[in-house]
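Beneath this line is the structure, given in structure tokens, with notes to follow.
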């Protein structure tokens, strides 16, 4: 393992993305987002994504020169076109727009269209919660799950994140995909030749399977069966129909370097507690619930583990596999 400070790692990632064709602002925003995910223990959305993003930039699946801009707005609603660039500059603009619009109007929604892989959606909502705002984030992704009763993938795993501010404490942050299990776990099982539990996936013919290799060519199943699939449908329609973005079945997989520009959609929904019961009442209600949670042994507040890991990484740096470090150095020097 190689230990790097966050500053060293960010410099390396930024250089790798610049070499692949990302503009200065896109490289900086993306590097910060990937490092924040890595530091918080969400390594699947961290430095392991750099080589993938670099390939997308080089082969045209993402436009490194893209600058997101507002294409429509009315009151608390705003639509941002990511212009086929990496998602993070558009997410940063959406975060800023949603924050001031929520304070002005009580509630705001920022939609993003023509975007890309959005990473750990818990990060932007946590930043908004740190400003005293309630925030929810949604994104669709390339098709991986069927609709209820279906066999072929039509929807992505469609993560949902939410953050609730607290008085004098880190916010409560919930971040989860709507599949029964992360696709990465199926990939690891396939590589190791292990079976997977029933209920995780279907094979290419739409039959339930415990064969990890067959699952990779089939479809993942939603958590909670039909109810989870319907929640994923809500996210798909929210992120795509409202923004004009591509549905999951219209976007090529992120697990191959070649493919189309995915044109994914994201949405940030932000609420100012002061517009409803009031900031003080909201804070009191949150702390009442937190106290009830904490009264039970074994209960962990959502987001607390990520906060602890991030604080440790800021103080001590991060450890990454030597092979990943060498890959990043090679990309930065390319």
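The values are calculated or read from the model by the stated rules, or taken from the named source; none is laboratory data. Only a predicted model underlies this, so the values are computations on that prediction, with no experimental measurement involved. Neighbour counts are summed over all protein chains in view; Cβ atoms, including those assigned to glycine, are modelled from backbone coordinates with ideal geometry.
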(message) Suppose we keep only residues that are in contact (Cβ under 8 Å) with a residue 60 or more places away in the chain and out of contact with any strand residue (DSSP E or B) (no Cβ under 6 Å at 6 or more places or on another chain) within the range 256-272. Which one would you say is nearest to residue 49 (Cα to Cα)?
(response) 257
(request) Test each condition in (1) in contact with a strand residue (DSSP E or B) (Cβ under 7 Å, 6 or more places away or on another chain); (2) buried (at least 22 other Cβ atoms within 10 Å of the Cβ); (3) in contact (Cβ under 8 Å) with a residue 40 or more places away in the chain for residue 33 and report the one that comes out false. (result) (1)
(request) Kindly establish whether residue 301 is closer than 24 Å to residue 39 by Cβ and assigned to a loop (DSSP other than H, G, I, E, B). (result) yes
(request) Scan 319, 252, 257 and give me the residue that is under 26 Å from residue 220 (Cβ atoms), surrounded by fewer than 20 Cβ atoms within 10 Å (Cβ to Cβ) and at pLDDT 95 or above. (result) 252
(message) Condition first: under 30 Å from residue 72 (Cβ atoms) and not in a helix (DSSP H, G or I). Can you find one or more residues in the range 215-223 that meet it?
(response) no
(request) For residue 204, work out the one condition from (1) part of a loop (DSSP other than H, G, I, E, B); (2) touching a residue at least 60 places away in the same chain (Cβ under 8 Å); (3) in contact with a helix residue (DSSP H, G or I) (Cβ under 8 Å, 6 or more places away or on another chain) it doesn't fulfil. (result) (2)
(message) Taking the criterion of being in the same structural domain as residue 38 (by TED's automatic domain parsing), without any contact (Cβ under 8 Å) to a residue 40 or more places away in the chain, surrounded by fewer than 16 Cβ atoms within 10 Å (Cβ to Cβ) and under 20 Å from the mean Cα position of the chain (by Cα), would at least one residue in the range 304-316 satisfy it?
(response) yes
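In this structure, does residue 289 turn out to be touching a residue at least 12 places away in the same chain (Cβ under 8 Å), surrounded by fewer than 19 Cβ atoms within 10 Å (Cβ to Cβ) and in a helix (DSSP H, G or I)? Before you say what the answer is, go through the steps one by one.
Working: touching a residue at least 12 places away in the same chain (Cβ under 8 Å): no; surrounded by fewer than 19 Cβ atoms within 10 Å (Cβ to Cβ): yes; in a helix (DSSP H, G or I): yes.
Against the criterion (touching a residue at least 12 places away in the same chain (Cβ under 8 Å), surrounded by fewer than 19 Cβ atoms within 10 Å (Cβ to Cβ) and in a helix (DSSP H, G or I)), residue 289 does not qualify.
To keep it simple, each residue is scored yes or no on (1) in the same structural domain as residue 260 (by TED's automatic domain parsing); (2) closer than 22 Å to residue 94 by Cβ.
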residue: 1; (1), (2): no, no
residue: 5; (1), (2): no, no
residue: 21; (1), (2): no, no
residue: 30; (1), (2): no, yes
residue: 33; (1), (2): no, yes
residue: 47; (1), (2): no, no
residue: 55; (1), (2): no, no
residue: 73; (1), (2): yes, yes
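Within the range 247-276, count every residue that is assigned to a strand (DSSP E or B) and closer than 14 Å to residue 236 by Cβ.
4
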